[in-house]
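The values are calculated or read from the model by the stated rules, or taken from the named source; none is laboratory data. Computed from a predicted structure; not experimentally measured. All Cβ positions, even for glycine, are placed from backbone atoms using ideal geometry, and neighbour counts span all protein chains on display. Ligands, DNA and RNA are excluded from the accessible area calculation, which covers all protein heavy atoms including side chains. Shrake-Rupley method; radii C 1.70, N 1.55, O 1.52, S 1.80 Å.
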Amino acid sequence: MKLLTHNFLTSNIIKGVKNGYPLSILPGKVEMKEVDFNPEFITRMLPKIEWSALQKAAKECGFEEGLPDTVGEEQLGDTDLLKRVHKALLEIEVVEGKLVCPESGREFPINNGIPNMLLNEDEV
Amino acid sequence: MASGGRPERQAPPEFFYNEDEAKKYSSNTRMIEIQSHLSERALEILKLPDQPCFVLDIGCGSGLSGESITEQGHYWVGMDISSHMLDVAVDREVEGDLILGDMGYGIPFKPGTFDGVISISALQWLCNADKKYHHPPKRLLKFFTSLYAAVARGGKAVFQFYPENSSQLELITQQAMKAGWTGGLVVDYPNSTKAKKMFLCLFAGGQPQQLPKGLGEEQSSSSHVSFTDKRERMKNMRGKNPKTNKDWILSKKERRRRQGKEVRADSKYTGRKRKDKF
Ligand SMILES: C[S@@+](CC[C@H](N)C(=O)[O-])C[C@H]1O[C@@H](n2cnc3c(N)ncnc32)[C@H](O)[C@@H]1O
């Protein structure tokens, strides 16, 4: 699981959970995977990113990439910044571990890089 | 599908798409070709803006549909209920990120996450009640409602799917509309039982949009509702032996062309009697 996906993932599909965001990451195994840098994509995603959630997630995975709190117009052309965001969003891979719902404490296992978001009968 | 018939009738998807079935989706070239072709067509109908977009692939399986998304320069997340299919996707090193999940439980993403959605050969699975507590209309509504929220306003979702009958088709479209989507069906090659493909094309708000035309459709409207036409045609043919009739061959070739099949070009030899040989 990439932090890009994590930045949008919620557990609000559980009955009774309102926001379910952001999910905490309990990492088991984290890897870095090289991904081609595409400034156009990162720039497009900037306004959609929840920065506090990204900072927290990166920290949980053991990275302090100097991520911003917010991104304003004046930073859009800052290639250095875009590269740091690129690395955090696309190159950090949580291979094994758990996600934890902030409201219910429900844990979702991550195996082989894939978070298991399946629910039980009484959760739907 | 050794026993033939519809997979949805054989087992729930997380069991049907077991290790063996999943392997086919990385080794069977014919299957790969078909799924890639359907995905490309779905993306054509989806018509994403000419910028790298963030796309959701529902029932992504081994990532065949996702690879088409990557080829067009977009980024994607795939969701599937079968861990075997997803493991194959990991082995194939697809570019997209993967989530194990049941679309009937809802789409676990924040409002406005995705620029667009595709789903290839998966939606019909939601019409089945695979567990005692499954209620297909409810699952469909939950699915379409949560998907509507997860897509940016003005975004689109294109589903290629295989409805079993017209009541399934009606149920699916009805629940989608109830969830706020607009849109409709695009049918490619409507005249062919084999080449015919259905795409449910949905819009999440924004400007009212026109549905694209299905392939091989122009001719279909004229040959539409053709019970009387057909009777006329049969009447005109009476008294001739249609098998040796050039017109019959030409019309059959025309029909096959409409169905999207490869047909040899017509020539002066078409339908000519062959010399008897010994
Ligand atoms: C025919 S395969 C197509 C896979 C892929 N889209 C492709 O084109 O190669 C259908 C997929 O739908 C998935 N599926 C069926 N029901 C599902 C559900 N309720 N939620 C998520 N995925 C589901 C199956 O596990 C399977 O991988």
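Yes or no: region A:60-75 includes at least one residue that is within 24 Å of B:Pro49 (Cα to Cα) and within 14 Å of chain B (Cβ to nearest Cβ). Checked against the condition, which is being within 24 Å of B:Pro49 (Cα to Cα) and within 14 Å of chain B (Cβ to nearest Cβ), region A:60-75 yields no hits at all.
Summed over region A:62-112, residues that are basic (Lys, Arg) and under 19 Å from A:Gly28 (Cβ atoms) total 2.
Answer with yes or no whether B:Val88 is outside any loop (DSSP other than H, G, I, E, B), β-branched (Val, Ile, Thr) and within 11 Å of the ligand (Cβ to nearest atom). Yes; evaluated as a whole, the condition is true for this residue.
Where strands (runs of 3 or more DSSP E) sit wholly within region B:111-192, those with at least 2 residues that are more than 16 Å from the ligand (Cβ to nearest atom) and not polar (S, T, N, Q) occupy B:151-161, B:182-188.
Among the residues of region B:8-54, those that are in a loop (DSSP other than H, G, I, E, B) and farther than 14 Å from B:Ala157 by Cα comprise B:Gln10, B:Ala11, B:Pro12, B:Tyr17, B:Asn18, B:Asn28, B:Asp50, B:Gln51, B:Pro52. Return a yes/no flag: does region B:32-53 have any residue that is within 14 Å of chain A (Cβ to nearest Cβ) and within 8 Å of the ligand (Cβ to nearest atom). Within region B:32-53, not a single residue is within 14 Å of chain A (Cβ to nearest Cβ) and within 8 Å of the ligand (Cβ to nearest atom).
Just the residues that are open to solvent by 50 Å² or more (accessible area, probe 1.4 Å) and under 20 Å from A:Leu46 (Cα atoms), please, taken from region B:46-94. The answer is B:Pro49, B:Asp50, B:Gln51. Residue count for region A:38-76 under the criterion of being open to solvent by 70 Å² or more (accessible area, probe 1.4 Å) and either out of contact with any Pro (no Cβ under 8 Å at 6 or more places or on another chain) or farther than 29 Å from B:Glu93 by Cβ (or both): the result is 8.
Between residues in region B:89-110 that are more than 7 Å from every other protein chain (Cβ to nearest Cβ) and residues that are open to solvent by less than 10 Å² (accessible area, probe 1.4 Å) and in a loop (DSSP other than H, G, I, E, B), which pairs lie under 6 Å by C-beta distance while being six or more apart or on different chains? The qualifying pairs are B:Ala89/B:Ser62; B:Ala89/B:Gly63; B:Arg92/B:Gly63; B:Val94/B:Gly63.
Restricting attention to region A:20-37, the residues that are facing chain B (nearest Cβ under 9 Å) and open to solvent by 10 Å² or more (accessible area, probe 1.4 Å) total 2. Residues that are open to solvent by less than 50 Å² (accessible area, probe 1.4 Å) and on the phi < 0 side of the Ramachandran plot were ranked within region B:1-13; the one that is farthest from the ligand (Cβ to nearest atom) is B:Ala11.
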